[in-house]
Amino acid sequence: MKVIDARTDAARINELFYQRIPEAGLRNYWHPVALSREITDKPVARTLMGDAVVLLRRLGRVYALANACPHRGTQLSKGTCEFPGTRTLTCRYHGWTFDVGDGGLVAALTDGPDSPIVGKLRVRTYPVEERQGIVWIWLADSPPVPVEQDIPRGLLEASEVHTVRRIAKGNWRWHVENPGLGHATFLHRDSEYMRIVDMFGYATGIKAMLGVEGDDDEWLLEKFEGIGQDREYPGLGSWPRHRFGEVIKLTKFAEGPRGVNTIVSVKLPGIIRVSNFPIADSLYYEWFVQTDADHYLYFQVACAYPKTLMDRAYWLLRFYAWGRWAGMVRFNAQDLWMVEDSHAKAKLNGGVNDPVAGYRADGFQLAWRKYALENLRGAKVTEQQSDSLQAAS
Ligand code: FES
């Protein structure tokens, strides 16, 4: 394991971060876009990193194309399937028909079977894959890496995979920098999820370590040495105050599944992993896929590894009776509330919103920026892609 400390070099790291980590998102990675069960023969429109995309299923496979007909620009998501049993999509306006596999124009129905335009045009297609009931998309022009390379092992090997998805206001970069001990002990202390916990005020010795823990791949792990014991703030009083109903004293932390004991970790392209969330024996993952300039798809996944039917029933009971609602929906809604304001600050500040080196808890966020800069795959977003993001807002 390697310590990543960017605090002494924060100004340079922050400057490079805005040059190399685009607000539109990192295209050279696979991103989750939908659940497999949501994509049927009926086309579905999505905006991803500023690109209008149509997703649909043909002959059992999922396909993705640019959602604009090259004739007059009609959204292909309004199209129909005129030739059942083929992998085609027909534009609703003049009946141009495309092979959804390679995007080629295979017929122009209102120009007859001998139309000279056939074979002369193509719609852009995007690589898509399905794993664990989730549709993954590759938005870069470059050839994709194997999808397994971008899906955490803890998700690929889970026997229980349950999601919550919503469109949130803000930018993906602020949400990647949200998790960690700096906010958890304050923002979430009044959530339903934490209300019965005697939550400590702060952690000591926070540091970022890059390495493999348990049966998962390499992550940037947020480690800490202990719980701060001093509650006295000179001239102010004591904090945190004890509240009625705090029946669980948080003094030590349970081991996580698959040997993942660190509570919060992060990795490229901006995936968060939380151990034992939203209930014990779970690994929880979050993705933030920018849609337009001010919104992103917040894609939350809870994973579990029960070995017996009884284990599975017990996990599902706890998850649906408590963890999903109190954790993934309500607790995490507090994060969205804050990320929206981080985005508003950035918009007023030339797109900049930095962690602060003098505040020790921000060391993890600075370390993430350094790690991202040093491990970024492939090319930056192009100017054209950046323009399309602005246009979609
Ligand atoms: Fe699509 Fe004319 S706009 S066929």
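The values are calculated or read from the model by the stated rules, or taken from the named source; none is laboratory data. Treat the numbers as computed from the prediction; the structure is a model and nothing was measured. Cβ: placed from backbone, ideal geometry, glycine included. Neighbour counts: every protein chain shown.
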All conditions in (1) surrounded by 16 or more Cβ atoms within 10 Å (Cβ to Cβ); (2) in a helix (DSSP H, G or I) are true of Val266 except (2)
Counting only residues that are assigned to a helix (DSSP H, G or I) and within 15 Å of the ligand (Cβ to nearest atom), which one in region 109-148 is surrounded by the fewest Cβ atoms within 10 Å (Cβ to Cβ)?
-> Thr110
Filter region 154-199 down to residues that are within 29 Å of Asp215 (Cβ to Cβ) and assigned to a loop (DSSP other than H, G, I, E, B), then give me how many there are.
-> 9
Across region 341-385, the tally of residues that are in a helix (DSSP H, G or I), over 29 Å from Arg273 (Cβ atoms) and modelled with pLDDT under 75 stands at 2
List the pairs whose first member sits in region 291-318 and is without any contact (Cβ under 8 Å) to a residue 60 or more places away in the chain, whose second member is buried (at least 17 other Cβ atoms within 10 Å of the Cβ), and whose Cβ atoms are under 7 Å apart, counting only residues at least 6 apart or on separate chains?
-> Arg318/Ile279
Is it the case that region 75-87 has a residue that's outside any loop (DSSP other than H, G, I, E, B) and closer than 20 Å to Ala140 by Cα?
-> no
Filtered residue count, region 60-108, keeping only those that are within 29 Å of the chain's Cα centre (by Cα) and surrounded by fewer than 16 Cβ atoms within 10 Å (Cβ to Cβ) | 5
Determine if region 40-58 includes at least one residue that is farther than 22 Å from Asp141 by Cα, within 16 Å of the ligand (Cβ to nearest atom), in contact with a strand residue (DSSP E or B) (Cβ under 7 Å, 6 or more places away or on another chain) and not in a strand (DSSP E or B).
-> yes
